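Asker: Below are the structure tokens for one structure; questions will follow.
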């Protein structure tokens, strides 16, 4: 990999860690903690949240007409999203063990935790959980596709991308034929950075 690109990607990774640390500091600021995957607010924080709940009638009254009319369009996407969720889960369950690719853990991407926010009314909670599910499914599907691409075609694009997925940094440079032929089998099995305990990769025999 080009050293300057490697350096930039390392900086991006460090920035992501710093963002996570900043988010964790918010726990103390807003009086909650995450224990065993559950969000727990202090009693004082919950009481303050309840005072800020907006009644559903006021929520509807304050919404623009076109917002209300387009709500069914947004929710019509739920079935396709559920289908993507099902198909991608089935796909990796069947194919990844054969390819020797560690499976993507769905729970790492789909987080439904906004229902614990007491300052949201039931409609806001429902909408927020839908957004969390939709973006989580798409992020999970992107990671499944990224790992698949690393196995089948780990080659960077010549044309500029708006964003790069998590495995792109391990791909061969566009046009580097010699490295591709020399190291393709090694790269398509290089998942050591994501293989965790209990998630062993078993690559097939060449």
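Asker: Starting from the 7 Å offset along Cα-to-Cβ, what nm value, one decimal, do you get for the label separation of residue 62 and residue 149?
Answerer: Placing both labels 7 Å beyond Cα along the Cβ direction yields 4.1 nm.
Asker: Under a point spin-label approximation (7 Å from Cα along Cα-to-Cβ), what is the residue 54-residue 163 distance to one decimal in nm?
Answerer: 2.6
Asker: Let me know the Rg and Dmax you get for the range 52-187 when you use only its Cα atoms, in Å.
Answerer: Taking only Cα atoms of the range 52-187, I get Rg and Dmax of 20.5, 66 Å.
Asker: How would you rank 162, 17, going from fewest to most other Cβ atoms within 10 Å of each one's own Cβ? Provide the component values of the computation, followed by the final result.
Answerer: Details: 162 4, 17 10.
Ranked by crowding around the Cβ, least crowded first: 162, 17.
Asker: For the range 121-163, what are Rg and Dmax over the alpha carbons, in angstrom?
Answerer: Rg and Dmax of the range 121-163, Cα atoms, are 15.9, 48 Å.
Asker: Rank these for me by crowding, 38, 115, going from fewest to most other beta carbons within 10 Å. Spell out each step's value before the answer.
Answerer: Numbers: 38 9, 115 15.
Listed from fewest to most nearby Cβ atoms, that is 38, 115.
The numbers here are math on the coordinates, done by the rules we state, and not lab data. As the structure is a computational prediction, the values presented were derived from the model and not from experiment. Cβ sites come from the backbone with ideal geometry, for glycine too, and all protein chains shown count toward neighbours.
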